[in-house]
1. Using the count of nearby Cβ atoms within 10 Å as a rough guide to exposure, how do MET229, MET211 rank from fewest to most?
2. Compute the normalised compactness of the range 19-96: alpha-carbon radius of gyration over 2.2 N^0.38 Å, N being the residue count.
3. Ratio of the chain's C-alpha Rg to 2.2 N^0.38 Å, to two decimals?
4. For the range 13-117, which GluC sites (Glu not before Pro) are in a loop by DSSP, counting at most 15 other Cβ atoms within 10 Å?
5. If you keep only loop residues by DSSP, which GluC sites (Glu not before Pro) in the range 142-238 have at most 13 other Cβ atoms within 10 Å of their Cβ?
6. Enumerate the calculated ³J(HN,Hα) couplings along the range 103-112 in order (Karplus 6.51 cos²θ - 1.76 cosθ + 1.60, θ = phi - 60°), each rounded to whole Hz, writing x wherever the residue is Gly or Pro.
7. List HIS176, HIS113, HIS233 from most exposed to least, where exposure is judged by having the fewest other Cβ atoms within 10 Å.
8. Is there a quick way to get the dipole size of the range 19-96? I mean about its Cα centre, with the Cβ of Lys and Arg at +1 and of Asp and Glu at -1; what is the value in debye to the nearest 20?
Amino acid sequence: MLKDYSALSFDIYGTVIDWETGIRTNLRPLTDRLPDEMSDDAVLELHARMESFHQAQTPGRPYSELLATVYRRCGEALGLAPDWEECETYGNSVGNWPAFDDSAEALAYLKQHYKMIALSNVDNRSFAGSAQKLGIAWDATYLAEDIGSYKPSQRNFDYMLKMIGDLGVEKSKLLHTAESMFHDHVPGRANGLDNAWIYRRHAKTGFGATMDPGKLAETTYRFNSLIEMAEAHEKGDI
């Protein structure tokens, strides 16, 4: 049951931070120049391809710097040539991306019952901006900038599973909580982690700003929002 876990490890962007809104909003300097309007899904899928490629090619590069290159490559794919200052502005926008409306309330509740761990594909400066919106003190933050690679790399999960011992958390008592099948649930289940799918895209088709994972991973729990998970814990019926 939910109450039997002692810690939650969270993906941040897409799960508690509304990264799809952040991406679409901050790509508008590019997409507004196009003669024909792109659908939201097309914008997000282009971004996903460019981001995933560069995360694999330059795993040690801080996320804000990597995103600047992603912006430039998206522009080139659209037949545009953004200047580097514009690219850097996009890379530095992550800390301003909005939280989902339910995130702060749900995290505050869950913090009362679990150790809270962030496992995120981000740099420290960007995470600091996002953390201000979320309002809790994290017990541990395992970020791509510190690990030197990006999920779904095995290295990120090896790092977390080694580090949780210092928190006194057993693997069997950790519930990995995330939206992304590609970045989190497929590799998480491969590592034997129980998981909670926060299916933010339940009313949409496709995978948005993440790559298609192929076969979906099994899930221990599925919720359509984080507050739904908090309410399930409070009721104590699962």
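A short reminder: the numbers here are calculations on the coordinates, not readings from a lab. Everything numeric here is computed off the predicted structure, so don't read it as measured data. Positions of Cβ are backbone-derived with ideal geometry, glycine not excepted, and every protein chain shown enters the neighbour counts.
1. Placing the least packed residue first, the sequence is MET211, MET229.
2. 1.00
3. 0.99
4. Qualifying residues, ordered by number: GLU37.
5. GLU170, GLU218
6. Values, residue by residue: 5, 4, 5, 5, 5, 4, 5, 5, 4, 6 Hz.
7. Fewest to most other Cβ atoms nearby, the residues stand as HIS113, HIS233, HIS176.
8. 220
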